[in-house]
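Asks: Sending over a structure as structure tokens; questions will come in a sec.
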Amino acid sequence: MQYYYGQQMPLRILDEAEFWKHQEKEHTVVIRELVSNLEAEYVEALKKWETSLGETHQKVIRFIETVVRSAYYISAALQQQVLELVSFCLKQSLQFIELCQQIKTNSAAVSANPTAKVVIDHIIRESEYFVGIAQALLYHQ
């Protein structure tokens, strides 16, 4: 992400959040499909995360639509709501990373699947990328 967006930064971070929440949601499916014998507790956790990430993704889309409908005018109140949403997205991504790490570390099915370990590491790195973007915006404020 480039850091020269100035007043448009809230729009840029919403675009990033929209993309990464969609990615994280898809990643829950990737893990389940890649590890067909994944333990039931992790399958259920990933299904719950798929739902939760999908809800967050839709909320981000609603914010983007609000900004577009307001002719890109971002009031102080809307800016604050965007920052709160980004903070929520950041925390959610950190929790998703934690789940992925638990699955990688504790799942016997993943331990027996070298490809799954590589893919989960990649998924973690991708979520960490979004975490870095969100932190840069939040700590800059």
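Asks: Kindly provide the set of residues from the stretch 45-80 that are of a type in the set (Gly, Ala, Ser), modelled with pLDDT under 90 and either surrounded by 11 or more Cβ atoms within 10 Å (Cβ to Cβ) or under 27 Å from GLU26 (Cβ atoms) (or both), ordered by number.
Replies: Once the filter is applied, which keeps residues that are of a type in the set (Gly, Ala, Ser), modelled with pLDDT under 90 and either surrounded by 11 or more Cβ atoms within 10 Å (Cβ to Cβ) or under 27 Å from GLU26 (Cβ atoms) (or both), the stretch 45-80 yields only SER70.
Asks: If you take the residues in the stretch 103-114 that are assigned to a helix (DSSP H, G or I) and either out of contact with any helix residue (DSSP H, G or I) (no Cβ under 7 Å at 6 or more places or on another chain) or among the basic types (Lys, Arg) (or both), which one is farthest from TRP49 (Cα to Cα)? Break it down into steps so the answer makes sense when it comes.
Replies: Initial filter on the stretch 103-114 (assigned to a helix (DSSP H, G or I)): 103-106, 108-111, 114.
With either out of contact with any helix residue (DSSP H, G or I) (no Cβ under 7 Å at 6 or more places or on another chain) or among the basic types (Lys, Arg) (or both) added as a condition, the list becomes 104-106, 108-109, 111, 114.
Numbers: LYS104: 16, THR105: 18, ASN106: 18, ALA108: 21, ALA109: 19, SER111: 22, PRO114: 23 Å.
The extreme case among them is PRO114.
Asks: Within the stretch 83-112, can you find the residues that are more than 13 Å from GLU16 (Cα to Cα), surrounded by 18 or more Cβ atoms within 10 Å (Cβ to Cβ) and either free of Cβ contacts under 8 Å to residues at least 24 places away in the same chain or among the hydroxyl-bearing types (Ser, Thr, Tyr) (or both)?
Replies: LYS104, SER107
Asks: If you don't mind, there's one more thing I want to ask. Which ones in the stretch 113-125 are farther than 13 Å from GLN101 by Cα and in contact (Cβ under 8 Å) with a residue 40 or more places away in the chain? Outline the logic, then answer.
Replies: Residues of the stretch 113-125 farther than 13 Å from GLN101 by Cα: 113-115.
Within the stretch 113-125, ASN113, THR115 qualify.
Asks: Another one. Given the structure, is LEU94 in a helix (DSSP H, G or I) and within 24 Å of ALA136 (Cα to Cα)? Please lay out each step first, then the result.
Replies: Numbers: in a helix (DSSP H, G or I): yes; within 24 Å of ALA136 (Cα to Cα): yes.
Considered against the rule, which asks whether it is in a helix (DSSP H, G or I) and within 24 Å of ALA136 (Cα to Cα), LEU94 comes out as yes.
Asks: Pick out the one residue from THR115, THR51 that is under 15 Å from the mean Cα position of the chain (by Cα), over 20 Å from ALA136 (Cα atoms) and among the hydroxyl-bearing types (Ser, Thr, Tyr).
Replies: On the way: THR115 fails: under 15 Å from the mean Cα position of the chain (by Cα).
It is THR51.
Asks: Out of all the residues in the stretch 83-100, is one or more on the phi < 0 side of the Ramachandran plot, modelled with pLDDT of 95 or more, more than 16 Å from the chain's Cα centre (by Cα) and small (Gly, Ala, Ser)?
Replies: no
Asks: Scan the stretch 54-82 residue by residue and report those that are under 20 Å from the mean Cα position of the chain (by Cα) and among the hydrophobic types (A, V, I, L, M, F, W, C).
Replies: VAL60, ILE61, PHE63, ILE64, VAL82 - these are the residues of the stretch 54-82 that are under 20 Å from the mean Cα position of the chain (by Cα) and among the hydrophobic types (A, V, I, L, M, F, W, C).
The values are calculated or read from the model by the stated rules, or taken from the named source; none is laboratory data. It should be emphasised that the depicted structure is a prediction, and the values quoted were computed from it without experimental measurement. Here the Cβ is made from the backbone with ideal geometry for all residues, glycine too, and neighbour counts use every protein chain on show.
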